[in-house]
Structures are given as structure tokens and as C-alpha cells.
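The values are calculated or read from the model by the stated rules, or taken from the named source; none is laboratory data. Everything quoted here is computed from the prediction, not taken from an experiment. Note: ideal-geometry Cβ built from the backbone for every residue, glycine included; neighbour counts use all protein chains shown.
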Amino acid sequence: MKAYRNLSIKLKVFLTIILLMIIIITLAFGSLYYVYSIYDKQLYDKSYRLLNLSSTTVDMELKKLEAMTLTIIADRQIQQSLWDLRHNDADYSGYITRSTITDRLWTHISTAERYVQSVHLIDPTGRISNYGETLTFPQDKYKRMIAEAASGKGAVRWLYPDDTDRMLMMVREVRAFDPMTLEKIGTLFLRINIERLVEDYAGMASGHSDIVLKSGDDLVYPYRGIPSGVTGVMQAQNSREGYEIKEVDGDILFLSQKKSAYTGWTYYNYVPYKDIFEKILWVKRAMIIVFGLAVLLVIALGIRFARNLTRPIRLLISQMKEVQYGDLDSSGIPVAPAAFPQMDEVGLLQRTFRLMITRINTLIKENYANQLVIKETEFKALQAQINPHFLYNSLDSIHWLAKKSGHGQISSMVVSLAYLLRSSISLKQNVITVAQELEIVSHYITIQTHRFQHRLDFRMEVPEVYYSAAIPKLTLQPLLENAIQYGVETMIEPCSIRLYAGQQEGMLAITVEDRGPGMEEEFVSRVLSGEVQTRGTGIGLLNIRDRVRLAFGDSYGIKVESTPGFGTKVSVLLPLPQEE
């Protein structure tokens, strides 16, 4: 942070723009990639669900075909015919029996003949009764079919398409049900057109996808037409279902799979990744290019903006440095404003600085001329001091003559009068301590006590802890003068005046309280607002309030409380000594 604060404004603006661009681009790319990831996830899930639906439909049809084969081997006429052929295989009777078997086979497969290419039933004598496409099996495949059916022991077994036959083969043994000996009396072969079945019920996951059925390493569908690289990556995952992305010969494939719980086969759906996401990838690349160009453009504009922002500031700094060394005339500051002035904050700063320098030059010239006037005024002021000194000397002479003649009251009044005169004329300090102000009050009360005698009952109760507090000069004396003028002078009986101090709302309150006639609240408000013209010519309440506020702030001042018949109380609110 310290290094950043010491950088120039140009670098700060440039770094701020770059930081904002990085944040915006990061948020934009993060949001877009998050949206794309959701889109990809939904696409993957949809492809998997479609494959799941297709595999479920194909499995259902295969289950129907398996149920049909069970119906065939459990057919009473077929069971009886196979049993008869086992015990009597005469030419004519065997021909009739095999014709009956063929008719029954046709009856059973007539409802599923779209997918059943042919059905073959081998009787106990080894002869074949079939319906549908006639096909001669190679000897090795024939033996493999018999062995596969025998391994099933009555359950369905599958033989997958090969070069000799592209049909899916369902094989199972026929066991005797009547009587319930479960002896082998034949073998049933069902040739299924798996391509037609898959195309009808599985369809295509998309216009560019393919369905593949595999049993381990054996292809079930399609038998031909799949690139060898594609079949090589079709390996069953540990989980029974899911999807993944594979690379084949430099191309990316989206591969989803579903394992059939019925057959144990794995259904695959592979789609070239570029066919699905070609436009999305193009948009991503275009966005990267656009954002890159935007960054370069913003950097260029940021540099230009920072340079235009700091150039007038640097010029102003150089002018200030010249002024710093006192060179006001050759500082390079134009006296007249430009034809098209810059009116932003920097332009206003330059304008203000230009006017300030012009004003300083003017004040320097005026000050030089005024110095001569001040010198002349000071000389006249020294001459004017002769009269106050003459007055002080005269009062001092009267004081000693009265004292010599034994007139103590006259001497005391003259001393007090000289002190008050000297305090009021002296202009050295505008703010004094409370102790100094109380001394002025004491001399003033001395004079008034000699004047009013017993009619003035004055008491002063100010703790010494407040003596160091600050107070404008001649603040309390005018308040006492008002109390005497509006209280003592208007009453025949003695009037009590009390001067005391204390804390009030966190401030020092010095109060002058009299037991005079008092005032109405409305009249007090008019006095404080300046609506009432006072009788005296001295310092009024408003003047005292303004001087206190000028010295210490608007939170201080005076507070007046008065009740008709009970007197008036005026408090001066000042800072406490520790706040001075």
C-alpha cells in the first residue's frame, strides 16, 4: 500500500483500469464457462437419457422374443411332435410330424416376423425344421450353436453376427415337459434382424450419432462400418452407466454408455465432439479474440486518458515549484485565461491557482504601499498615547494627595478608576484569564460600593480552580454594570448581586445574579434578538455573546433567565480550564 500511495496518478489510473478490466474479463469468462458447463452437462445428460431409453426399448423387444421362444418350446404339439420323432422316425410319419412343427413355428412367429429372420428347430434325429429364410450353417458354427445351447441348459444363449451370418442368434435347448422328464428333445435357433430392431426402437441419438452394441469385445450391432479406432475406445467403465470424452485419431468423441441388466451388453452412443460443439467452440474463440482486442483498446485509451489527466497537473506542479522559490513573475502562468479553458476539476484548479498568484502579486504591491501608511499611523498613535499617560499621571497625583490628606475613600476610588481606565484602553490582549477579569470586577465594585453604600450587597464566589480559564476581556464588568443599572438604581431598599461559577453541561458557567425587578420572558427574547434598544451606551448582552462565540465557538455564549419580581440571572458559558 505504501508503494501504491507513492505512485504517480498516471500509474494509479492505469493500474486501476487494468485491474477493473481483469476483474470484468474474469467474471465474464467465468460466467460464460459456467453457463457452457451447464449446457454441456445438460447435453450429456440428455444424450445419456436418450441412450437409456433406446436400450430399455431394445431390451423389451428382446425379452418379448425370448418369451416367444419359451412359448414355442412349451407348445404342446411341438413337445409331442419332438417326443414322437425321438421314438418313431419313419419317413412318412416323420414328414407329417415335421410339417406340424413347421406350421406351429409359423403360428408363433407370425406376430414378430418383422424382426425374426427365421426360426430353426433341431429334432432328436438331428434334422432341422425351419420357417423363414433358409440358411445352411457352416459345420463349425453349427457345432458352436449346439454347444452354446447346451451350456445354457434350457436358458437363452446368444451368438453374435459374423461373416457367415449377420443376424443375431438366440439359441436354447428344448426340454420335455410332458411327461416332466426335462430330457433334451431338441434345440431352438432364432435368427433376429438386430439392425432392423435397433433402427426401429433405438433410432439415432442425433443426426450425427451412432448406436453401438457390444458384448465384451464382440460387436452385436452394427457388424460392419465402425472405424477400428472407435471400437477400440469403447471399453466398459467401472460404473454401469455414464459418459466420457475420448480422443480417436486426433478427433474428440463424446461417448455415452449404458449397460443392459437383461443381456449384459453395453449400449454405446458416440458423437463427434466437433459436430456438436463446433459453433460453441467458434463462439468461444471469437470471444477470446474480442476480449483480447478490448483489453488492448482499453489499455491504449487508459494510457491516453492518464496522460491527458496528469499533463496539466504536472504543469501546475512545475509552476508551483517556481512560485515556491519566490519567482512569481517568471513562473510561466498566463495572466489571461485560454481561449477554450478546461472546465473540469484540473482546469478549475489551474484557474484558481492563476487567480491566486495574480491576487498575491496585487497584495504584495498593495502591502508595500500600506507599510508606509502603517508607519505613519504608528507614529501618530505614539503621539496619541501622551493624553492617556497624562491622565494616568494626573489620577496618580490625586491618589497621593487624597492619601496624604487622610481621605481613604477618595484614594481607593481613584486607584480603582485608574485601573479600570488602563484595562479598558489597553489593546494588548483580547482574551484574558478569569483571575484577571475578576480583578477588573473587584476595582469596578470598589467604585460602585463607595457610590451606593449599603444599597449594594455584592458577593463573589468563584473557586480558584476556575481562575486559569480563558474569558474575553470586559465580559463580567458589563454584566455587573447592567445589574446595578437595572437593579440597584431602580430600588430604594438594598439589592443583592451575586457572582459565582460552576460547571453546566460540560462547560464553565460564570453567573451574575441580581435580586432586582426582573423581566418578562418575552422581553428577554426581544433583548437577545436585538429588537430592544438598551438605555446604556456600554457593552450590551449581544456584544458579549458575539465576542464569546468568536473566541471559543458557537456552542458557547450567554444564557439569560429572568422572572418578574424575583430578579435576573445571566450566565456566561466558557470552556473549562483543561479545554483551553
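Summary of values
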quantity: Inter-residue pairs, beta-carbon under 6 Å, first surrounded by 13 or more Cβ atoms within 10 Å (Cβ to Cβ) and in the range 519-530, second modelled with pLDDT of 80 or more, 6+ apart; calculated: 519/562; 524/560; 524/562
quantity: Selected residue [among the acidic types (Asp, Glu) and closer than 26 Å to residue 84 by Cβ] from 148, 133, 173, 195; calculated: 173
quantity: Only one of 88, 193 that is crowded, with 17+ Cβ neighbours inside 10 Å and either of a type in the set (S, T, N, Q) or at pLDDT below 85 (or both); calculated: 193
quantity: Output for the range 501-518, where each listed residue is surrounded by fewer than 16 Cβ atoms within 10 Å (Cβ to Cβ) and either of a type in the set (S, T, N, Q) or over 60 Å from the mean Cα position of the chain (by Cα) (or both); calculated: 503, 504
quantity: Residue 427 being modelled with pLDDT under 75, aliphatic (A, V, I, L, M) and not in a helix (DSSP H, G or I); calculated: yes
quantity: Which listed residue, of 114, 76, 157, 127, is among the charged types (D, E, K, R), in the same structural domain as residue 197 (by TED's automatic domain parsing) and buried (at least 16 other Cβ atoms within 10 Å of the Cβ); calculated: 157
quantity: Filter pass, residue 187 being assigned by TED's automatic domain parsing to the domain that holds residue 78, at pLDDT 75 or above and surrounded by fewer than 21 Cβ atoms within 10 Å (Cβ to Cβ); calculated: no
quantity: Complete set of residues in the range 316-364 that are of a type in the set (Lys, Arg) and modelled with pLDDT under 75; calculated: none
quantity: Members of the range 109-126 found to be farther than 18 Å from residue 176 by Cβ and either assigned to a loop (DSSP other than H, G, I, E, B) or at pLDDT 80 or above (or both), listed by number; calculated: 113, 114, 115, 116, 117, 118, 119, 120
quantity: Which listed residue is of a type outside the set (A, V, I, L, M), assigned by TED's automatic domain parsing to the domain that holds residue 509 and crowded, with 19+ Cβ neighbours inside 10 Å, from 444, 466; calculated: 466
quantity: Residues of the range 127-150 classified as in a loop (DSSP other than H, G, I, E, B) and either in contact with a strand residue (DSSP E or B) (Cβ under 8 Å, 6 or more places away or on another chain) or within 22 Å of residue 108 (Cα to Cα) (or both), total; calculated: 4
quantity: Test result for residue 181, loosely packed, with under 14 Cβ neighbours inside 10 Å, in contact with a helix residue (DSSP H, G or I) (Cβ under 7 Å, 6 or more places away or on another chain), farther than 20 Å from residue 61 by Cβ and free of Cβ contacts under 8 Å to residues at least 60 places away in the same chain; calculated: no
quantity: From 532, 548, 572, residue being over 20 Å from residue 497 (Cα atoms), at pLDDT 85 or above and aliphatic (A, V, I, L, M); calculated: 548
quantity: Hey, residue 497 β-branched (Val, Ile, Thr), out of contact with any Ser or Thr (no Cβ under 6 Å at 6 or more places or on another chain) and more than 25 Å from residue 466 (Cβ to Cβ) or not; calculated: no
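Conditions tested, residue by residue: (1) at pLDDT 85 or above; (2) of a type in the set (A, V, I, L, M).
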site	(1), (2)
42	no, no
45	no, no
57	no, no
60	yes, yes
73	no, yes
